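Some notes on the structure that comes next.
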């Protein structure tokens, strides 16, 4: 498109001006940026609380910590046996398995170790 | 529970940073602010020509971003585009109020700047361009600034202005033509040489 140089700049002249201006960008001051950061932090939402469910071992420790079981090695062995039975039977089925019932008769506290 | 920002911040997109901010991650606030603020401030300065007003627009835009952060999925646009849109609207609101109040901002060089021929001429050209931009209708000015000074592509400008790409092309073409006419009488003073 032709232009009359008396009345308007050429595309080349205008593009040169615009390219120069593109490099000459005003920047926000450090003080201003600090104010904006303060705004952002003031409005920062509270982080959502982290919900954790107790693990099987957490529950074992809780029970073992509360009650007197046969000492040391025997207690550990019983707990391991109980957990192994539960794993083999399925968590709820252990309560009705023959071995499970026998263990709960002898050590009633074991019934509290598995979650509902 | 893993942190939302396990990757280096420069590799995290704006939308993910905003989501992390909404989840309470302070690092995301600073990263997003550093990324978006210069662009918003640059646009506002080019549109308004006044540092205090540009700061007001920028601060208001960022406040609105932090406020909407928990609903960032409903924004309907990427955070960068959304903030440009808000800033553009705030700028045109201010320009409309200026006209109503018959305010005439001055785009003069500061008198106490040290002189140097080349630097003076470059500054003179920048000032002339700013003054010429100020004569354009608001939407043409916005389109020219976003396209030729902020360097955005037409599809993004279309999203910011909520118009079609064709409408953006038309606005920028008309804006450039108007600029070329507004600057013609200053060609010699601006030291422009037509190489064609």
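Here, each number is a calculation from the coordinates, and none is a lab measurement. Model, not experiment: these values are computed from the prediction. Cβ atoms come from the backbone with ideal geometry, glycine included; neighbour counts cover every protein chain shown.
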Revision key, fill the gap. Distance in nm between residue A:30 and residue A:43 label points, each 7 Å along Cα→Cβ, equals 2.6
Practice item. State, to one decimal in nm, how far the label point of residue B:51 lies from the label point of residue A:23, with both points 7 Å from Cα in the Cβ direction. Key: 2.3
Study note, to complete from the structure: Each residue of A:30-43 has, on average, a number of other protein chain C-beta atoms within 10 Å of its C-beta equal to 5
Review point. Can you pull the mean other chain C-beta count within 10 Å for peptide A:44-51?
Key: 4
Exercise for review: Equivalent ellipsoid semi-axes for the stretch B:141-196, as square roots of 5 times the alpha carbon gyration tensor eigenvalues: give them largest first, rounded to whole Å.
Suggested key: 27, 11, 9
Exercise for review: List A:43, B:62 from most exposed to least, where exposure is judged by having the fewest other Cβ atoms within 10 Å.
Suggested key: A:43, B:62
Point to revise | residue B:120-residue B:164 pseudo-label distance in nm [points 7 Å out on the Cα-to-Cβ vector] | key: 5.0
Practice item. Could you work out, residue by residue across B:176-183, how many beta carbons of other chains sit within 10 Å of that residue's beta carbon, and then give the average as an integer? Key: 5
**Study point:** Whole-number percent relative contact order across chain B, with pairs defined as alpha carbons under 8 Å at least 6 apart
**Key:** 19
Check your understanding: Hey, with R₀ at 22 Å, roughly what FRET efficiency would residue B:127 and residue B:177 work out to, going by the Cβ-Cβ distance, to 0.05?
Key -> 0.55
Check your understanding: What do you get when you divide the Cα radius of gyration of the stretch B:18-167 by 2.2 N^0.38 Å, with N the number of residues?
Key -> 1.16
Point to revise | Calculated Rg and Dmax of the stretch B:4-52 using C-alpha coordinates, Å | key: 13.3, 40
Point to revise | Helix B:26-48 axis, angle to chain B major axis (alpha carbon atoms, nearest 10°) | key: 20
